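The values are calculated or read from the model by the stated rules, or taken from the named source; none is laboratory data. As the structure is a computational prediction, the values presented were derived from the model and not from experiment. Every residue, glycine as well, gets a Cβ built from its backbone with ideal geometry; the counts of neighbours run over all protein chains shown. With ligands, DNA and RNA removed, areas are computed over all heavy atoms of the protein, side chains included. Shrake-Rupley method; radii C 1.70, N 1.55, O 1.52, S 1.80 Å.
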Amino acid sequence: MPHTLLNSKFPQVGTTIFTVMSALATEHQAINLGQGFPDFSCDPQLIDSVHQAMKNDQNQYPPMAGIVPLRQKVSEKVESLYGKRYDPIQEITITAGATQAILTVILAVVRPNEEVIVIEPVYDSYVPSIDMAGGKTIALQMKPIRNDQGIIESYALPWDELAQSINPKTRLIMINSPHNPTGMVWQAKDLDRLAELVRPTNAIICSDEVYEHMVFDDALHQSIARHPELAKRSFLISSFGKTFHVTGWKVGYVCAPQDLMTEFRKVHQFNVFTVNTPMQYGIAAYLEDPNPYLALSHFYQKKRDYFQAGLKNTQFSLLPSPGTYFQCVDYSQLKIPEAKLNETDFCKWLTTEIKVAAIPVSAFYGKSNDENMIRFCFAKKEETLNAAIKQLQRL
Ligand code: PMP
Ligand code: GLN
């Protein structure tokens with residue numbers, strides 16, 4: 001063992017699966033349907049707006065909670081969509097993407113050994129963020145619904161386990177709809193049910209809604225903001241990276257009632273302090289027109305349908321994907337020896353040999369959970385999807 005000054009504080013934490021699979025895809029020149037990001041450009045008008053802000057010399061520190069025009073636009077957007085008004089001055093903060101927002105919520109709320117409920121498969125930053133705060137993760141699992149051959153057809157929320165786990169010691173409950181990786185979406189009745197369970201407790205909700213504008217088949221996104229009772233005890237998180245095809249810009253926001261937001265900002269100010277100024281002005285100007293985000297569901301629904309149609313005559317079994325830009329598939333019915341591989345090995349094989357990268361759903365679980373389920377991202381140009389479909393149809 002070489003001498004080191006530091007015994008790892010997080011010995012169990014490796015490099016995120018998204019980074020690992022993207023690196024493998026690059027190394028093997030595979031089509032990257034793994035890490036979730038679009039391979040097409042954002043609207044040039046958005047670039048122009050940011051460029052204009054830079055040229056206008058809007059390049060110094062913004063206010064700690066974000067520039068007021070952007071907070072106003074967020075407030076208007078949320079109110080027009082979900083019917084709840086958050087005060088732009090007291091109740092909205094601009095963050096460096098959703099990842100920082102999630103960590104900051106957890107650091108602001110969770111004391112050592114307090115219980116935080118997550119529902120697996122769970123986005124990979126949640127549990128390490130809870131660990132950083134010293135919290136105790138209570139991991140529940142979505143309930144797989146299986147067909148006659150035992151193949152997962154969809155997932156249901158684990159209401160019985162939630163009812164058993166929510167108790168006066170529950171500090172925070174992490175929820176995510178539309179859900180990465182399964183694509184499942186919460187219904188209004190799910191929010192009602194959650195409200196019933198938390199009513200006798202002081203539990204706070206962290207609602208990760210980064211895919212809020214990707215809900216398909218004319219369904220409505222059931223934001224926590226639509227539920228007045230839950231909204232009083234919730235942080236709502238979203239990300240412009242997802243909505244405007246600029247995942248690398250890392251700009252998002254948090255809405256919460258004033259008492260919660262005050263605590264959030266105590267951490268935020270010493271975490272990032274602020275988020276870069278010209279992006280904020282650029283996004284604020286771009287938000288004048290609601291059409292880009294209103295059109296997003298239709299835009300991604302077409303991609304989902306296209307990708308699903310391309311996989312129809314393969315032996316993959318497809319989950320429904322009512323939201324997000326992800327499609328999960330079961331590969332156990334493929335008539336090849338590799339169909340017996342575990343999810344991680346299958347994804348590595350798919351990347352290196354078939355030249356299409358995907359993400360193993362097992363990466364979204366703490367304990368080993370192998371269901372032959374992998375996730376593809378369809379936020380890609382038609383030519384990329386065509387090339388990937390062609391490769392996958394060979395299987
Ligand atoms: N939450 C979920 C469910 C996500 O899928 C992602 C990223 N894809 C994030 C949070 C992080 O978003 P951001 O890139 O804005 O940090
Ligand atoms: N959230 C994206 C995904 O699920 C990846 C973000 C990241 O690489 N951390 O693929």
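Restricting to the range 130-238, what percent of DSSP beta bridges are antiparallel, rounded to 5?
30 percent
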Residue by residue through the range 10-22, which ³J(HN,Hα) values in whole Hz follow from phi under the Karplus form 6.51 cos²θ - 1.76 cosθ + 1.60 (θ = phi - 60°), with glycine and proline marked x?
10, x, 7, 8, x, 8, 4, 4, 5, 5, 4, 6, 5
When DSSP beta bridges are limited to those with both residues in the range 109-194, what percentage is antiparallel, rounded to the nearest 5?
30 percent
Excluding ligands and nucleic acids, what accessible area in Å² is computed for Ser80 using a 1.4 Å probe, to the nearest 10?
90 Å²
Total charge of the residues flanking Gly150 in space, meaning their Cβ is under 13 Å from its Cβ, with Lys and Arg +1 and Asp and Glu -1, is -3
Per the range 17-86, sqrt(5λ) over the Cα gyration tensor eigenvalues, sorted largest first, in Å, gives 34, 20, 13
Could you work out the relative contact order of the chain, using alpha carbon pairs under 8 angstrom and six or more residues apart, expressed as a whole percent?
25 percent
Can you quote the Å³ per residue value for the convex hull of the Cα atoms in the range 121-229, rounded to an integer?
123 Å³
Can you check how the C-alpha radius of gyration of the chain compares to 2.2 N^0.38 Å, as a plain ratio?
0.98
Sorted by mean Cβ packing within 10 Å, highest first, what order do the peptides 87-98, 270-281 take?
87-98, 270-281
Taking the chain as a Gaussian network, Cα atoms linked when under 10 Å apart, which of Pro178, Pro112, Pro121 shows the biggest mean-square fluctuation?
Pro112
Note to self, the chain gives a 222 nm [θ] from helices alone (DSSP H runs n ≥ 4, -39500 (n - 2.57) apiece, / all residues, nearest 500) of -11000 deg cm²/dmol
For the chain, the accessible surface attributable to carbon and sulfur atoms (probe 1.4 angstrom, ligands and nucleic acids excluded) amounts in percent to 51 percent
Which one of Met64, Met184, Met261 has the biggest mean-square fluctuation once the chain is modelled by GNM with Cα springs under 10 Å?
Met64
Remind me, relative contact order of the range 185-314 in percent, using alpha carbon pairs under 8 angstrom and six or more residues apart?
23 percent
Label point distance in nm, Met132-Asp48, each placed 7 Å from Cα along Cα→Cβ:
3.8 nm
Full-stretch length increase - Leu294, Phe10 - with 0.36 nm per residue and alpha-carbon distance subtracted
98.1 nm
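Starting from the Cα gyration tensor of the range 151-309, take the square roots of the eigenvalues, sort them a ≥ b ≥ c, and report rounded, prolate or oblate (rounded when a/c is under 1.5, otherwise prolate if a/b is larger than b/c, else oblate).
oblate
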For the residue pair Arg111 and Ala163, what label-to-label distance in nm results when each label sits 7 Å from Cα along the Cα-to-beta-carbon direction?
3.1 nm
Give me the distance between the Cα centres of the range 210-284 and the range 336-395, rounded to whole Å.
30 Å
About the Cα centre, and with charges only on the beta carbon of Lys, Arg (+1) and Asp, Glu (-1), how big is the dipole of the chain? Nearest 20 debye, please.
320 debye
Where chymotrypsin sites (Phe, Trp or Tyr not before Pro) fall in DSSP loop in the range 127-227, at most 16 other Cβ within 10 Å
none
Out of all DSSP beta bridges in the chain, what portion is antiparallel? Express it as a percent rounded to 5.
50 percent
Say we join alpha carbon atoms closer than 10 Å with springs in a Gaussian network model of the chain; which of Asn342, Asn147, Asn176 then has the biggest fluctuation?
Asn147
